[in-house]
Amino acid sequence: MVRDARLESSLDLPVDPPRAGESKQAWVYRQIRERILRGVLPSGGRLPSTRDLAARWHVARSTVEAAYDQLRGEGYTAGAVGSGTYVAAVIPDNFFRHGLPGDDGAASGPGAAAAPDRARAAAGGQAAGAADPSAPAPRRDASSFMARSADASLFPMETWRKGLMASARRVTPAQLAHEDPLGWYPLREQIARYLGAARGIACDAGQVVVLTGIRDGLDLSARLLLTPRDKVLVEDPGYLNAEPLFSQYTRRIVPIAIDEHGFSVARARRQRGARLAHVTPAHQSPTGVTMPVSRRLELLDWAAQTGCWILDDDYDSEFGYDGAPLAALKSLDGADRVIHFGSFNKTLFNALRIGYAVVPRSLAPAFARALYVTGRSCSVIEQMTLATFLEDGGFARHVRKARSVYAGRRDRVMAMLRETSGAAPLRVSGEQTGFHLVWWPPSGFDVAALLTRAREWGVGIQPVADFCRRVSWPQGVVIGYSARQDADLDRLEALLREAMPR
(Lines give C-alpha, C1' and ligand atoms only; values in the text may rest on other atoms or scores of the structure.)
Protein backbone atom coordinates (compact mmCIF):
# COMPACT_ATOMS: atom_id res chain seq x y z
CA MET A 1 0.00 0.00 0.00
CA VAL A 2 2.91 2.37 0.57
CA ARG A 3 3.95 2.03 -3.07
CA ASP A 4 0.41 2.69 -4.30
CA ALA A 5 0.12 5.76 -2.09
CA ARG A 6 3.39 7.15 -3.43
CA LEU A 7 2.20 6.53 -6.97
CA GLU A 8 -1.18 8.15 -6.52
CA SER A 9 0.30 11.15 -4.72
CA SER A 10 2.65 11.67 -7.65
CA LEU A 11 -0.40 12.21 -9.84
CA ASP A 12 -1.57 14.95 -7.45
CA LEU A 13 1.50 17.01 -8.35
CA PRO A 14 0.93 20.10 -10.52
CA VAL A 15 0.45 19.13 -14.15
CA ASP A 16 1.70 20.96 -17.22
CA PRO A 17 -0.98 22.82 -19.15
CA PRO A 18 -2.02 21.36 -22.50
CA ARG A 19 0.14 22.42 -25.40
CA ALA A 20 -1.22 24.27 -28.40
CA GLY A 21 -3.45 21.93 -30.37
CA GLU A 22 -3.00 19.08 -27.90
CA SER A 23 -6.13 17.02 -27.26
CA LYS A 24 -7.18 16.19 -23.71
CA GLN A 25 -6.42 12.52 -24.28
CA ALA A 26 -2.92 13.33 -25.56
CA TRP A 27 -2.41 15.63 -22.55
CA VAL A 28 -3.40 12.93 -20.01
CA TYR A 29 -1.25 10.39 -21.85
CA ARG A 30 1.75 12.75 -21.84
CA GLN A 31 1.50 13.56 -18.13
CA ILE A 32 1.53 9.89 -17.15
CA ARG A 33 4.13 8.81 -19.73
CA GLU A 34 6.56 11.53 -18.63
CA ARG A 35 6.23 10.47 -14.99
CA ILE A 36 6.89 6.84 -15.91
CA LEU A 37 10.01 7.74 -17.90
CA ARG A 38 11.33 10.01 -15.15
CA GLY A 39 10.86 7.28 -12.57
CA VAL A 40 8.27 9.24 -10.61
CA LEU A 41 5.80 6.43 -11.22
CA PRO A 42 7.67 3.25 -10.18
CA SER A 43 7.46 -0.06 -11.99
CA GLY A 44 4.66 -2.18 -10.57
CA GLY A 45 2.83 0.74 -8.97
CA ARG A 46 -0.92 1.04 -9.38
CA LEU A 47 -2.48 3.98 -11.19
CA PRO A 48 -5.63 5.62 -9.83
CA SER A 49 -8.95 4.46 -11.20
CA THR A 50 -10.11 6.24 -14.33
CA ARG A 51 -13.00 7.75 -12.35
CA ASP A 52 -10.69 9.18 -9.66
CA LEU A 53 -8.14 10.59 -12.08
CA ALA A 54 -10.86 12.12 -14.27
CA ALA A 55 -12.27 13.95 -11.24
CA ARG A 56 -8.79 14.97 -10.08
CA TRP A 57 -7.70 16.38 -13.47
CA HIS A 58 -11.14 17.70 -14.50
CA VAL A 59 -11.52 15.70 -17.69
CA ALA A 60 -14.08 13.18 -18.90
CA ARG A 61 -13.67 9.62 -17.67
CA SER A 62 -13.74 8.38 -21.27
CA THR A 63 -10.72 10.60 -21.97
CA VAL A 64 -8.74 8.96 -19.17
CA GLU A 65 -9.86 5.50 -20.31
CA ALA A 66 -8.62 6.22 -23.82
CA ALA A 67 -5.25 7.45 -22.48
CA TYR A 68 -4.94 4.36 -20.25
CA ASP A 69 -5.71 2.13 -23.25
CA GLN A 70 -2.99 3.91 -25.21
CA LEU A 71 -0.41 3.51 -22.44
CA ARG A 72 -1.33 -0.14 -22.01
CA GLY A 73 -1.10 -0.79 -25.74
CA GLU A 74 2.36 0.76 -25.86
CA GLY A 75 3.65 -1.37 -23.01
CA TYR A 76 3.96 1.38 -20.39
CA THR A 77 1.23 -0.17 -18.23
CA ALA A 78 -0.48 -3.51 -17.70
CA GLY A 79 -3.86 -4.62 -16.43
CA ALA A 80 -7.31 -3.53 -17.52
CA VAL A 81 -10.08 -1.16 -16.57
CA GLY A 82 -11.97 -2.74 -13.65
CA SER A 83 -9.06 -4.84 -12.43
CA GLY A 84 -6.46 -2.13 -11.93
CA THR A 85 -3.80 -0.56 -14.12
CA TYR A 86 -0.13 -0.90 -13.16
CA VAL A 87 3.14 0.58 -14.42
CA ALA A 88 4.82 -2.17 -16.43
CA ALA A 89 7.71 -0.65 -18.38
CA VAL A 90 11.16 -1.66 -17.16
CA ILE A 91 13.38 1.41 -17.39
CA PRO A 92 17.19 0.90 -17.56
CA ASP A 93 18.93 2.79 -14.76
CA ASN A 94 21.24 4.68 -17.09
CA PHE A 95 18.26 6.26 -18.85
CA PHE A 96 17.70 8.55 -15.87
CA ARG A 97 21.21 10.00 -16.16
CA HIS A 98 20.37 11.39 -19.56
CA GLY A 99 17.11 12.98 -18.46
CA LEU A 100 13.85 12.85 -20.36
CA PRO A 101 14.31 13.83 -24.00
CA GLY A 102 12.05 16.36 -25.66
CA ASP A 103 8.49 15.10 -26.06
CA ASP A 104 5.60 16.82 -27.73
CA GLY A 105 2.96 14.42 -26.48
CA ALA A 106 2.09 13.24 -29.97
CA ALA A 107 -0.53 10.55 -30.06
CA SER A 108 0.72 7.04 -30.43
CA GLY A 109 -1.14 3.85 -29.97
CA PRO A 110 -1.32 0.16 -29.42
CA GLY A 111 1.69 -1.91 -30.32
CA ALA A 112 1.69 -5.19 -32.16
CA ALA A 113 0.70 -8.50 -30.71
CA ALA A 114 3.55 -10.83 -29.82
CA ALA A 115 5.12 -12.87 -32.58
CA PRO A 116 3.89 -16.45 -32.99
CA ASP A 117 5.17 -19.12 -30.65
CA ARG A 118 7.18 -20.69 -33.45
CA ALA A 119 8.96 -17.39 -34.08
CA ARG A 120 9.77 -17.12 -30.40
CA ALA A 121 11.37 -20.55 -30.40
CA ALA A 122 13.22 -20.13 -33.69
CA ALA A 123 14.75 -16.74 -32.93
CA GLY A 124 17.33 -18.35 -30.69
CA GLY A 125 18.43 -20.97 -33.20
CA GLN A 126 21.68 -20.37 -35.12
CA ALA A 127 22.65 -22.21 -38.28
CA ALA A 128 26.32 -23.00 -38.61
CA GLY A 129 28.42 -20.51 -40.55
CA ALA A 130 28.04 -16.83 -41.36
CA ALA A 131 26.56 -15.40 -44.54
CA ASP A 132 29.15 -14.48 -47.15
CA PRO A 133 28.81 -10.72 -47.86
CA SER A 134 30.07 -11.31 -51.41
CA ALA A 135 27.39 -13.90 -52.18
CA PRO A 136 24.54 -12.81 -54.49
CA ALA A 137 21.26 -11.86 -52.87
CA PRO A 138 18.40 -14.38 -53.09
CA ARG A 139 16.27 -14.17 -56.20
CA ARG A 140 13.25 -11.96 -55.54
CA ASP A 141 10.01 -11.62 -57.44
CA ALA A 142 9.47 -7.96 -58.39
CA SER A 143 5.72 -8.27 -57.85
CA SER A 144 6.40 -9.04 -54.17
CA PHE A 145 7.89 -5.61 -53.73
CA MET A 146 5.13 -3.90 -55.73
CA ALA A 147 2.64 -5.31 -53.25
CA ARG A 148 4.75 -4.07 -50.34
CA SER A 149 4.78 -0.43 -51.39
CA ALA A 150 2.46 2.53 -51.86
CA ASP A 151 -0.36 2.27 -54.40
CA ALA A 152 0.43 5.12 -56.80
CA SER A 153 -3.09 4.99 -58.24
CA LEU A 154 -4.39 6.51 -54.99
CA PHE A 155 -2.13 9.56 -55.23
CA PRO A 156 -3.83 12.90 -56.14
CA MET A 157 -1.77 13.45 -59.27
CA GLU A 158 -3.77 16.43 -60.50
CA THR A 159 -3.11 18.27 -57.23
CA TRP A 160 0.57 17.36 -57.47
CA ARG A 161 0.75 18.51 -61.10
CA LYS A 162 -0.69 21.91 -60.16
CA GLY A 163 1.77 22.12 -57.29
CA LEU A 164 4.70 21.41 -59.61
CA MET A 165 3.57 24.14 -61.99
CA ALA A 166 3.20 26.63 -59.13
CA SER A 167 6.67 25.75 -57.83
CA ALA A 168 8.20 26.14 -61.28
CA ARG A 169 6.63 29.59 -61.61
CA ARG A 170 7.91 30.89 -58.30
CA VAL A 171 11.40 29.35 -58.15
CA THR A 172 14.16 31.91 -58.68
CA PRO A 173 17.40 31.58 -60.66
CA ALA A 174 19.35 31.92 -57.40
CA GLN A 175 17.43 29.00 -55.87
CA LEU A 176 18.10 26.90 -58.95
CA ALA A 177 21.80 27.73 -58.92
CA HIS A 178 22.65 27.43 -55.21
CA GLU A 179 21.12 24.39 -53.57
CA ASP A 180 21.62 23.57 -49.91
CA PRO A 181 23.22 20.10 -49.74
CA LEU A 182 20.97 19.26 -46.78
CA GLY A 183 17.85 20.06 -48.83
CA TRP A 184 15.32 22.82 -49.42
CA TYR A 185 15.05 24.55 -46.04
CA PRO A 186 11.24 25.08 -46.02
CA LEU A 187 10.80 21.36 -46.73
CA ARG A 188 13.10 20.49 -43.85
CA GLU A 189 11.00 22.76 -41.61
CA GLN A 190 7.82 20.99 -42.68
CA ILE A 191 9.39 17.55 -42.13
CA ALA A 192 10.47 18.59 -38.61
CA ARG A 193 6.93 19.77 -37.82
CA TYR A 194 5.42 16.60 -39.21
CA LEU A 195 7.78 14.35 -37.24
CA GLY A 196 7.04 16.26 -34.04
CA ALA A 197 3.31 15.76 -34.45
CA ALA A 198 3.21 12.27 -35.97
CA ARG A 199 6.29 10.50 -34.60
CA GLY A 200 7.01 12.34 -31.34
CA ILE A 201 10.46 13.52 -32.48
CA ALA A 202 11.55 16.90 -31.12
CA CYS A 203 13.85 18.25 -33.85
CA ASP A 204 14.33 21.29 -36.05
CA ALA A 205 15.22 21.89 -39.68
CA GLY A 206 18.93 21.97 -38.83
CA GLN A 207 18.81 18.25 -37.97
CA VAL A 208 16.78 17.18 -41.02
CA VAL A 209 18.57 15.91 -44.13
CA VAL A 210 16.66 15.47 -47.40
CA LEU A 211 17.65 12.25 -49.19
CA THR A 212 16.50 10.22 -52.17
CA GLY A 213 15.24 7.48 -49.83
CA ILE A 214 16.10 5.32 -46.85
CA ARG A 215 18.70 3.29 -48.75
CA ASP A 216 20.43 6.56 -49.61
CA GLY A 217 20.49 7.43 -45.92
CA LEU A 218 21.86 4.05 -44.84
CA ASP A 219 24.58 4.24 -47.47
CA LEU A 220 25.51 7.80 -46.51
CA SER A 221 25.63 6.92 -42.80
CA ALA A 222 27.90 3.96 -43.48
CA ARG A 223 30.14 6.12 -45.67
CA LEU A 224 30.51 8.68 -42.87
CA LEU A 225 30.68 6.48 -39.79
CA LEU A 226 32.36 3.21 -40.77
CA THR A 227 35.93 2.09 -41.33
CA PRO A 228 36.86 -1.36 -42.67
CA ARG A 229 37.62 -2.46 -39.09
CA ASP A 230 34.19 -1.50 -37.74
CA LYS A 231 31.41 -3.93 -36.93
CA VAL A 232 27.78 -3.49 -38.06
CA LEU A 233 24.86 -5.33 -36.46
CA VAL A 234 21.79 -6.17 -38.56
CA GLU A 235 18.54 -7.92 -37.75
CA ASP A 236 18.16 -11.59 -38.64
CA PRO A 237 15.80 -12.09 -40.39
CA GLY A 238 15.99 -8.55 -41.62
CA TYR A 239 15.95 -6.00 -44.41
CA LEU A 240 17.49 -7.59 -47.51
CA ASN A 241 19.35 -4.50 -48.74
CA ALA A 242 21.07 -3.69 -45.44
CA GLU A 243 23.96 -6.14 -45.80
CA PRO A 244 24.84 -5.24 -49.42
CA LEU A 245 24.86 -1.56 -48.51
CA PHE A 246 27.06 -1.93 -45.44
CA SER A 247 29.40 -4.45 -47.07
CA GLN A 248 30.73 -1.66 -49.31
CA TYR A 249 32.43 -0.19 -46.24
CA THR A 250 33.17 -3.15 -43.97
CA ARG A 251 33.00 -6.92 -44.14
CA ARG A 252 32.35 -7.22 -40.40
CA ILE A 253 28.57 -7.52 -40.64
CA VAL A 254 26.99 -9.53 -37.82
CA PRO A 255 23.40 -10.80 -38.04
CA ILE A 256 21.62 -10.58 -34.67
CA ALA A 257 18.76 -13.05 -34.27
CA ILE A 258 15.55 -11.25 -33.38
CA ASP A 259 13.13 -12.48 -30.75
CA GLU A 260 9.46 -11.80 -30.00
CA HIS A 261 10.33 -8.15 -29.27
CA GLY A 262 12.50 -7.53 -32.33
CA PHE A 263 16.22 -6.69 -32.23
CA SER A 264 17.81 -8.56 -29.32
CA VAL A 265 19.90 -6.25 -27.14
CA ALA A 266 21.07 -9.21 -25.05
CA ARG A 267 22.65 -10.76 -28.15
CA ALA A 268 24.02 -7.39 -29.26
CA ARG A 269 25.84 -7.03 -25.92
CA ARG A 270 27.93 -10.09 -26.81
CA GLN A 271 29.42 -8.26 -29.78
CA ARG A 272 32.40 -6.06 -28.92
CA GLY A 273 33.15 -2.94 -30.91
CA ALA A 274 29.83 -2.50 -32.72
CA ARG A 275 29.82 0.83 -34.55
CA LEU A 276 26.37 0.72 -36.20
CA ALA A 277 23.15 -1.21 -35.61
CA HIS A 278 20.37 -1.20 -38.19
CA VAL A 279 16.92 -1.74 -36.66
CA THR A 280 13.26 -1.58 -37.72
CA PRO A 281 11.50 -1.12 -34.35
CA ALA A 282 8.14 0.17 -35.57
CA HIS A 283 7.39 -2.79 -37.88
CA GLN A 284 10.25 -5.26 -37.93
CA SER A 285 11.20 -6.23 -41.47
CA PRO A 286 9.88 -8.77 -42.31
CA THR A 287 8.06 -10.20 -39.25
CA GLY A 288 6.19 -7.00 -38.38
CA VAL A 289 6.94 -7.23 -34.65
CA THR A 290 6.69 -3.87 -32.86
CA MET A 291 9.48 -3.27 -30.35
CA PRO A 292 7.96 -2.45 -26.93
CA VAL A 293 9.01 0.56 -24.90
CA SER A 294 11.08 -1.43 -22.42
CA ARG A 295 13.17 -2.97 -25.22
CA ARG A 296 13.58 0.44 -26.89
CA LEU A 297 14.95 1.93 -23.70
CA GLU A 298 17.25 -1.07 -23.25
CA LEU A 299 18.54 -0.55 -26.80
CA LEU A 300 19.17 3.15 -26.22
CA ASP A 301 20.91 2.44 -22.93
CA TRP A 302 23.22 -0.07 -24.66
CA ALA A 303 23.98 2.41 -27.47
CA ALA A 304 24.85 5.13 -24.95
CA GLN A 305 27.15 2.77 -23.03
CA THR A 306 28.99 1.44 -26.09
CA GLY A 307 28.97 4.50 -28.38
CA CYS A 308 27.13 2.58 -31.09
CA TRP A 309 25.02 4.51 -33.60
CA ILE A 310 21.46 3.23 -34.06
CA LEU A 311 20.03 3.51 -37.58
CA ASP A 312 16.24 3.58 -37.09
CA ASP A 313 14.57 2.51 -40.36
CA ASP A 314 11.02 3.82 -39.97
CA TYR A 315 9.84 2.62 -43.36
CA ASP A 316 6.05 2.25 -43.09
CA SER A 317 4.84 3.38 -39.66
CA GLU A 318 2.39 5.96 -41.08
CA PHE A 319 -0.02 3.17 -41.88
CA GLY A 320 -1.35 1.87 -38.58
CA TYR A 321 -4.75 0.16 -38.80
CA ASP A 322 -5.59 -0.72 -35.23
CA GLY A 323 -4.45 2.54 -33.62
CA ALA A 324 -1.69 5.10 -33.97
CA PRO A 325 1.89 3.77 -33.88
CA LEU A 326 4.29 4.11 -30.98
CA ALA A 327 6.33 7.29 -30.98
CA ALA A 328 9.59 6.80 -32.86
CA LEU A 329 12.72 5.45 -31.16
CA LYS A 330 14.33 8.86 -31.67
CA SER A 331 11.75 10.45 -29.35
CA LEU A 332 13.35 8.59 -26.41
CA ASP A 333 16.95 9.24 -27.47
CA GLY A 334 18.43 11.18 -24.56
CA ALA A 335 22.03 10.33 -25.51
CA ASP A 336 21.59 11.39 -29.18
CA ARG A 337 22.73 8.06 -30.64
CA VAL A 338 19.83 7.51 -33.08
CA ILE A 339 19.68 8.49 -36.75
CA HIS A 340 16.05 8.33 -37.84
CA PHE A 341 15.11 7.53 -41.46
CA GLY A 342 11.80 7.90 -43.27
CA SER A 343 10.64 8.10 -46.87
CA PHE A 344 7.91 9.83 -48.84
CA ASN A 345 8.52 7.21 -51.52
CA LYS A 346 6.68 4.84 -49.19
CA THR A 347 3.83 7.17 -48.29
CA LEU A 348 3.24 8.80 -51.71
CA PHE A 349 4.74 6.96 -54.70
CA ASN A 350 7.98 5.10 -55.36
CA ALA A 351 9.29 7.29 -58.18
CA LEU A 352 9.22 10.47 -56.07
CA ARG A 353 12.70 9.69 -54.65
CA ILE A 354 12.49 11.95 -51.61
CA GLY A 355 13.28 10.62 -48.14
CA TYR A 356 14.82 12.13 -45.04
CA ALA A 357 16.95 11.57 -41.99
CA VAL A 358 16.98 13.21 -38.59
CA VAL A 359 20.59 13.31 -37.46
CA PRO A 360 22.29 14.38 -34.22
CA ARG A 361 23.20 18.06 -34.55
CA SER A 362 26.89 17.19 -34.27
CA LEU A 363 26.67 15.08 -37.45
CA ALA A 364 24.79 17.57 -39.64
CA PRO A 365 27.95 19.30 -41.02
CA ALA A 366 29.46 15.92 -41.97
CA PHE A 367 26.27 14.90 -43.76
CA ALA A 368 26.27 18.23 -45.61
CA ARG A 369 29.86 17.72 -46.76
CA ALA A 370 29.19 14.15 -47.87
CA LEU A 371 26.10 15.19 -49.83
CA TYR A 372 28.05 17.97 -51.50
CA VAL A 373 30.94 15.65 -52.43
CA THR A 374 28.72 12.85 -53.74
CA GLY A 375 26.39 15.23 -55.58
CA ARG A 376 23.30 13.53 -54.21
CA SER A 377 20.25 15.76 -54.25
CA CYS A 378 16.58 15.90 -55.12
CA SER A 379 14.95 18.34 -57.53
CA VAL A 380 14.36 21.66 -55.78
CA ILE A 381 11.05 22.08 -57.62
CA GLU A 382 9.77 18.75 -56.30
CA GLN A 383 11.05 19.62 -52.83
CA MET A 384 9.15 22.93 -52.98
CA THR A 385 6.00 21.10 -54.09
CA LEU A 386 6.29 18.55 -51.31
CA ALA A 387 6.78 21.30 -48.72
CA THR A 388 3.52 22.92 -49.83
CA PHE A 389 1.78 19.52 -49.88
CA LEU A 390 2.77 19.01 -46.26
CA GLU A 391 1.90 22.54 -45.20
CA ASP A 392 -1.58 22.75 -46.75
CA GLY A 393 -2.73 19.37 -45.40
CA GLY A 394 -2.61 17.49 -48.71
CA PHE A 395 -0.19 14.94 -47.31
CA ALA A 396 -2.33 14.21 -44.25
CA ARG A 397 -5.45 13.83 -46.41
CA HIS A 398 -3.68 11.42 -48.74
CA VAL A 399 -2.32 9.29 -45.90
CA ARG A 400 -5.78 9.06 -44.31
CA LYS A 401 -7.29 7.95 -47.62
CA ALA A 402 -4.53 5.44 -48.35
CA ARG A 403 -4.66 4.07 -44.81
CA SER A 404 -8.35 3.32 -45.20
CA VAL A 405 -7.85 1.55 -48.53
CA TYR A 406 -4.88 -0.45 -47.27
CA ALA A 407 -6.80 -1.47 -44.15
CA GLY A 408 -9.57 -2.84 -46.34
CA ARG A 409 -7.07 -4.84 -48.37
CA ARG A 410 -5.43 -6.09 -45.18
CA ASP A 411 -8.82 -7.21 -43.87
CA ARG A 412 -9.57 -9.09 -47.08
CA VAL A 413 -6.22 -10.91 -46.93
CA MET A 414 -6.85 -11.79 -43.28
CA ALA A 415 -10.25 -13.25 -44.21
CA MET A 416 -8.61 -15.37 -46.93
CA LEU A 417 -6.03 -16.67 -44.49
CA ARG A 418 -8.68 -17.57 -41.91
CA GLU A 419 -10.48 -19.64 -44.53
CA THR A 420 -7.23 -21.26 -45.68
CA SER A 421 -6.23 -22.13 -42.11
CA GLY A 422 -9.47 -24.04 -41.66
CA ALA A 423 -9.95 -25.38 -38.14
CA ALA A 424 -6.40 -24.45 -37.14
CA PRO A 425 -5.85 -21.11 -35.34
CA LEU A 426 -4.87 -18.25 -37.66
CA ARG A 427 -1.28 -17.20 -36.95
CA VAL A 428 -0.09 -13.91 -38.39
CA SER A 429 2.33 -11.20 -37.32
CA GLY A 430 2.78 -7.60 -38.40
CA GLU A 431 -0.83 -7.14 -39.49
CA GLN A 432 -1.35 -4.06 -37.32
CA THR A 433 0.79 -1.72 -39.43
CA GLY A 434 2.39 -1.19 -42.81
CA PHE A 435 2.23 -2.82 -46.21
CA HIS A 436 2.60 -6.52 -45.42
CA LEU A 437 2.02 -9.24 -42.88
CA VAL A 438 3.54 -12.65 -42.22
CA TRP A 439 1.35 -15.75 -42.25
CA TRP A 440 2.55 -18.77 -40.30
CA PRO A 441 0.67 -21.68 -41.98
CA PRO A 442 -0.72 -24.49 -39.84
CA SER A 443 1.25 -27.64 -39.29
CA GLY A 444 1.29 -29.91 -42.30
CA PHE A 445 0.61 -27.16 -44.83
CA ASP A 446 2.72 -27.56 -48.00
CA VAL A 447 4.39 -24.15 -48.11
CA ALA A 448 6.87 -25.16 -50.82
CA ALA A 449 4.04 -26.13 -53.17
CA LEU A 450 2.26 -22.85 -52.41
CA LEU A 451 5.35 -20.81 -53.30
CA THR A 452 5.95 -22.78 -56.50
CA ARG A 453 2.35 -22.24 -57.60
CA ALA A 454 2.57 -18.54 -56.68
CA ARG A 455 5.55 -18.10 -59.02
CA GLU A 456 3.65 -19.83 -61.81
CA TRP A 457 0.65 -17.58 -61.30
CA GLY A 458 2.70 -14.41 -60.87
CA VAL A 459 1.42 -13.85 -57.32
CA GLY A 460 4.17 -12.16 -55.35
CA ILE A 461 4.60 -13.81 -51.97
CA GLN A 462 7.90 -14.72 -50.28
CA PRO A 463 9.12 -17.18 -47.67
CA VAL A 464 10.51 -15.65 -44.50
CA ALA A 465 13.58 -17.81 -45.13
CA ASP A 466 14.59 -15.39 -47.92
CA PHE A 467 15.19 -12.76 -45.24
CA CYS A 468 17.26 -15.00 -42.93
CA ARG A 469 21.05 -14.90 -42.73
CA ARG A 470 22.10 -17.27 -39.94
CA VAL A 471 18.88 -18.22 -38.21
CA SER A 472 16.79 -21.15 -39.33
CA TRP A 473 13.12 -20.21 -39.16
CA PRO A 474 9.87 -22.10 -39.60
CA GLN A 475 7.94 -21.70 -42.81
CA GLY A 476 6.39 -18.26 -42.67
CA VAL A 477 5.07 -16.46 -45.76
CA VAL A 478 5.41 -12.71 -46.35
CA ILE A 479 2.27 -11.33 -48.02
CA GLY A 480 2.16 -7.74 -49.24
CA TYR A 481 -1.28 -6.22 -49.76
CA SER A 482 -1.03 -2.41 -49.94
CA ALA A 483 -0.54 -2.17 -53.71
CA ARG A 484 -2.74 -5.14 -54.67
CA GLN A 485 -5.70 -4.13 -56.80
CA ASP A 486 -8.92 -6.16 -56.70
CA ALA A 487 -7.76 -8.42 -59.55
CA ASP A 488 -4.51 -9.14 -57.68
CA LEU A 489 -6.43 -9.99 -54.53
CA ASP A 490 -8.72 -12.26 -56.55
CA ARG A 491 -5.68 -14.18 -57.83
CA LEU A 492 -4.26 -14.45 -54.34
CA GLU A 493 -7.58 -15.76 -53.05
CA ALA A 494 -7.77 -18.36 -55.82
CA LEU A 495 -4.20 -19.43 -55.11
CA LEU A 496 -4.88 -19.91 -51.41
CA ARG A 497 -8.07 -21.85 -52.07
CA GLU A 498 -6.24 -24.19 -54.40
CA ALA A 499 -3.52 -24.70 -51.78
CA MET A 500 -5.95 -25.63 -49.00
CA PRO A 501 -5.47 -29.18 -47.71
CA ARG A 502 -8.14 -31.52 -49.11
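The values are calculated or read from the model by the stated rules, or taken from the named source; none is laboratory data. Please read all numbers here as calculations on a predicted model, not as lab measurements. Neighbour counts run over all protein chains shown; Cβ positions are idealised from the backbone, glycine included. Keep in mind that these areas ignore ligands, DNA and RNA; they rest on the heavy atoms of the full protein, side chains included. Shrake-Rupley method; radii C 1.70, N 1.55, O 1.52, S 1.80 Å.
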Handout entry: Residue check, S49 open to solvent by 40 Å² or more (accessible area, probe 1.4 Å), under 29 Å from the mean Cα position of the chain (by Cα), modelled with pLDDT of 85 or more and farther than 21 Å from R296 by Cβ
Key = no
Problem - Tally, over the stretch 270-293, of residues that are outside any strand (DSSP E or B), open to solvent by 10 Å² or more (accessible area, probe 1.4 Å) and more than 25 Å from W440 (Cβ to Cβ) - result: 4
Exercise for the section: Tell me which residues, restricted to the stretch 215-238, are assigned to a loop (DSSP other than H, G, I, E, B) and in contact with a helix residue (DSSP H, G or I) (Cβ under 8 Å, 6 or more places away or on another chain). Expected result: L226, P237, G238
Practice task
Give the residue that is most open to solvent (accessible area, probe 1.4 Å), with candidates limited to residues of the stretch 294-316 that are more than 14 Å from L326 (Cα to Cα) and aliphatic (A, V, I, L, M).
Solution key: A304
Problem - Any chance R267 is open to solvent by 10 Å² or more (accessible area, probe 1.4 Å) and closer than 24 Å to G476 by Cα - result: yes
Handout entry: Whichever residue in the stretch 413-431 is open to solvent by 10 Å² or more (accessible area, probe 1.4 Å) and in contact with a Phe, Trp or Tyr (Cβ under 6 Å, 6 or more places away or on another chain) and, among such residues, is nearest to G460 (Cα to Cα)
Key = V428
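Yes/no per residue for (1) polar (S, T, N, Q); (2) closer than 30 Å to A192 by Cβ; (3) touching a residue at least 24 places away in the same chain (Cβ under 8 Å):
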residue: F395; (1), (2), (3): no, yes, yes
residue: K401; (1), (2), (3): no, yes, yes
residue: R410; (1), (2), (3): no, no, yes
residue: L426; (1), (2), (3): no, no, no
residue: E431; (1), (2), (3): no, no, yes
residue: R455; (1), (2), (3): no, no, yes
residue: G458; (1), (2), (3): no, no, yes
residue: G476; (1), (2), (3): no, no, yes
residue: R491; (1), (2), (3): no, no, yes
Practice task
Among what's in the stretch 368-398 and is under 19 Å from L225 (Cα atoms) and assigned to a loop (DSSP other than H, G, I, E, B), pick the residue that is nearest to the chain's Cα centre (by Cα).
Solution key: R376
Fill in the blank from the handout: Over the stretch 298-329, the set of residues touching a strand residue (DSSP E or B) at 6+ places or on another chain (Cβ under 8 Å) and within 14 Å of I214 (Cβ to Cβ) is L311, D312, D313, D314, Y315, D316, S317, A328
Practice task
Output the residues belonging to the stretch 55-64 that are open to solvent by 60 Å² or more (accessible area, probe 1.4 Å) and either touching a residue at least 40 places away in the same chain (Cβ under 8 Å) or assigned to a helix (DSSP H, G or I) (or both).
Solution key: A55, R56, R61, S62
